[in-house]
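Enquirer: What follows is a single structure, and I will ask about it in a moment.
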Amino acid sequence: MYIDRKKRDVYAQDGRWSVDRLLIATGSKLSCRGSGNDLEAVISFRDIVDVNRMLSYSRSHSKAVSWRGLLGLEAANGLC
């Protein structure tokens, strides 16, 4: 799978899909090209090291997006 964020297109084995918004629920790690998992502010939530990184980042940033079930809700609640 490949995601072109600028064009808002997702390329998969079964074709190209245009999207307005895209939610990727892959577990604790993103692995597709163009997913943004290599961006500084994209933080997985697996252990205390990740929690400390989120808390550190939240001190200098006022907005966050959280997803992925119960852990996503817990992360959002902690960041609030």
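Enquirer: Is there any pair linking a residue in the stretch 55-80 that is over 18 Å from LEU39 (Cα atoms) to one that is of a type in the set (Ser, Thr, Tyr) and open to solvent by less than 80 Å² (accessible area, probe 1.4 Å), with Cβ under 6 Å and at least six apart or on different chains, and which?
Expert: Note: pairs meeting the criteria are GLY72/SER66; ALA75/SER66; ALA76/SER66; LEU79/SER58.
Enquirer: If you go through the stretch 50-80, how many residues are among the charged types (D, E, K, R) and either in contact with a Gly (Cβ under 7 Å, 6 or more places away or on another chain) or part of a helix (DSSP H, G or I) (or both)?
Expert: Final tally of qualifying residues: 3.
Enquirer: Is it the case that ILE43 is surrounded by 11 or more Cβ atoms within 10 Å (Cβ to Cβ), modelled with pLDDT of 75 or more and touching a helix residue (DSSP H, G or I) at 6+ places or on another chain (Cβ under 8 Å)?
Expert: yes
The values are calculated or read from the model by the stated rules, or taken from the named source; none is laboratory data. Just so we're clear, the structure is a prediction, and the values are computed from it rather than from any experiment. Cβ: placed from backbone, ideal geometry, glycine included. Neighbour counts: every protein chain shown. Just the protein is used for accessible areas: all its heavy atoms, side chains included, with ligands, DNA and RNA removed. Shrake-Rupley method; radii C 1.70, N 1.55, O 1.52, S 1.80 Å.
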